[in-house]
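The values are calculated or read from the model by the stated rules, or taken from the named source; none is laboratory data. The structure displayed is predicted, hence computed values, not measured ones. Every residue, glycine among them, receives a Cβ derived from its backbone with ideal geometry; neighbour counts consider all protein chains shown.
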Amino acid sequence: MISKTFKSCGLALTLLAASASLYAKNNVVVVATGGTIAGAGASSTNSATYTAAKVPVDALINAVPQVKDLANVSGVQALQIASESITDKELLSLARQVNELVKKPSVNGIVITHGTDTLEETAFFLNLVIHTDKPIVVVGSMRPSTALSADGPLNLYSAVALAASDEAKNKGVMVLMNDSIFAARDVTKTINIHTNAFASQWGALGTLVEGKPYWFRNSVKRFNNTSEFNIENIKGDQLPLVQIVYGSDSMLPDAYLAYAKAGTKAIIHAGTGNGSVANYIVPTLKQLHDQQGIQIIRSSRVPQGFVLRNAEQPDDQYGWIVSHDLNPQKARLLAALALTKTNDAKEIQRMFWQY
């Protein structure tokens, strides 16, 4: 059924395979985690109503046989889950599996198929904890494999092409969606119903056309081999507890207090505007920081721009942290990793500047 669904893509992908001679026959491992790219609907017209994480990795690869012209492709089923259900446990497990793969001399690149809901978080986490210069490409789709004009086949083909390219080395973890190559740090999902769902306010690293990457910028932040975090140094299946509170008008302090009671070590305040905090919430956050040692990190619900330190709130005076341009969900991950090393607010702030 899947092969029939992808048949309409066959001619285009066959033409794209002609560009395979640009690449050496590198070895690429497709690490599947589930998500929409492995989803199936009741009919070909169900592109929004479907069940995620149904198609196994071998079927995904076999449905796009043209990837074999790009590289020696093998598959690993790391997870089989809708990405909104991923927790720290799955994230750490995936990172450890990917880490073991990139250490093998026989592996030249990694493609991770992933649901789009938390794709940006997984990509950013791997960007911070995997020490390698080998290409790691995270890819998903907005339509299930059974849908008319499913975007998964071309996305997977392009992701393999990118992971097989020697030009993609030492670029950090990348996200390949809709022909665009994004840095894991910057990319975010911006719409939930179209195939051009991912964007970065700082622009894409490049684009992939007919199986060839074209580059336009590099990431200047620390990642992979230059990161001070390493999955091999993280024990257990949980990260320090960090939670997010979404800012709005007419807020109550109850959410912050409940998270404190649950044992959170840091709270990401996804504030309005410049990470603003309502004057009636400030006393609660000061109390949690001063009396319970909970780190207060100001992020913003605004999708572009960045939070200025000591603007809106006297961060230096309160001992608070700003997330700079990291959105709340990525700020949560960096804060959790930071807390595996230190509880010093100045040190954590340094990490937010550098990553």
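Annotations for the structure displayed:
- Taken over the stretch 189-206, the residue count meeting the criterion of being in a strand (DSSP E or B) and over 18 Å from the mean Cα position of the chain (by Cα) is 0.
- Enumerated helices (runs of 4 or more DSSP H) restricted to the stretch 260-355, each holding at least 3 residues that are more than 27 Å from Asp117 (Cβ to Cβ): 282-292, 315-318, 345-354
- Listed conditions (1) in a loop (DSSP other than H, G, I, E, B); (2) hydrophobic (A, V, I, L, M, F, W, C); (3) surrounded by fewer than 16 Cβ atoms within 10 Å (Cβ to Cβ) are all met by Leu257, apart from (1).
- Every condition in (1) among the small types (Gly, Ala, Ser); (2) surrounded by 22 or more Cβ atoms within 10 Å (Cβ to Cβ); (3) farther than 16 Å from Asp151 by Cα holds for Gly75 except the one numbered (2).
- For Asn310, the requirement of being modelled with pLDDT of 95 or more, under 21 Å from Asp249 (Cβ atoms) and of a type outside the set (D, E, K, R) is not met.
- Scanning the stretch 36-79 for residues that are aromatic (Phe, Trp, Tyr) and modelled with pLDDT of 80 or more gives no hits.
- Residue pairs meeting the criteria (Cβ under 8 Å; at least 6 apart or on separate chains; first over 14 Å from Ala32 (Cβ atoms), in the stretch 105-132; second part of a strand (DSSP E or B) and among the basic types (Lys, Arg)): Thr116/Lys189; Asp117/Lys189; Glu120/Lys189
- Single residue of the stretch 153-188 satisfying the filter (of a type in the set (D, E, K, R) and outside any helix (DSSP H, G or I)) that is surrounded by the fewest Cβ atoms within 10 Å (Cβ to Cβ): Lys169
- Flag if Ile244 is out of contact with any Gly (no Cβ under 9 Å at 6 or more places or on another chain) and in a strand (DSSP E or B): yes
- Hey, Arg217 in contact (Cβ under 8 Å) with a residue 60 or more places away in the chain, outside the structural domain of Leu333 (by TED's automatic domain parsing), over 14 Å from Ala331 (Cβ atoms) and in a loop (DSSP other than H, G, I, E, B) or not: no
- Residues in the stretch 75-88 that are part of a helix (DSSP H, G or I) and either more than 22 Å from Leu156 (Cβ to Cβ) or small (Gly, Ala, Ser) (or both): Ser83, Ser85, Asp88.
- Against the test of being in a helix (DSSP H, G or I), under 19 Å from Asn26 (Cα atoms) and assigned by TED's automatic domain parsing to the domain that holds Ala184, the options Leu60, Leu101, Leu91 yield a single qualifying residue, Leu101.
- Within the stretch 92-110, at least one residue is among the hydroxyl-bearing types (Ser, Thr, Tyr), surrounded by fewer than 22 Cβ atoms within 10 Å (Cβ to Cβ) and closer than 24 Å to Leu337 by Cα.
- Residues of the stretch 149-163 classified as modelled with pLDDT of 95 or more and either in contact with a His (Cβ under 9 Å, 6 or more places away or on another chain) or among the hydrophobic types (A, V, I, L, M, F, W, C) (or both), total: 7
- A search for C-beta distances below 9 Å between a residue of the stretch 152-170 that is under 18 Å from Asn196 (Cβ atoms) and any residue that is outside any loop (DSSP other than H, G, I, E, B) and among the polar types (S, T, N, Q), counting only pairs 6+ apart in sequence or on different chains, returns Gly152/Thr36; Gly152/Thr113; Pro153/Thr5; Pro153/Gln66; Asn155/Thr113; Leu156/Thr113; Tyr157/Gln66; Ala159/Thr113.
- Residue count, the stretch 104-134 (criterion: in a loop (DSSP other than H, G, I, E, B), under 22 Å from Asp58 (Cα atoms) and hydrophobic (A, V, I, L, M, F, W, C)): 1
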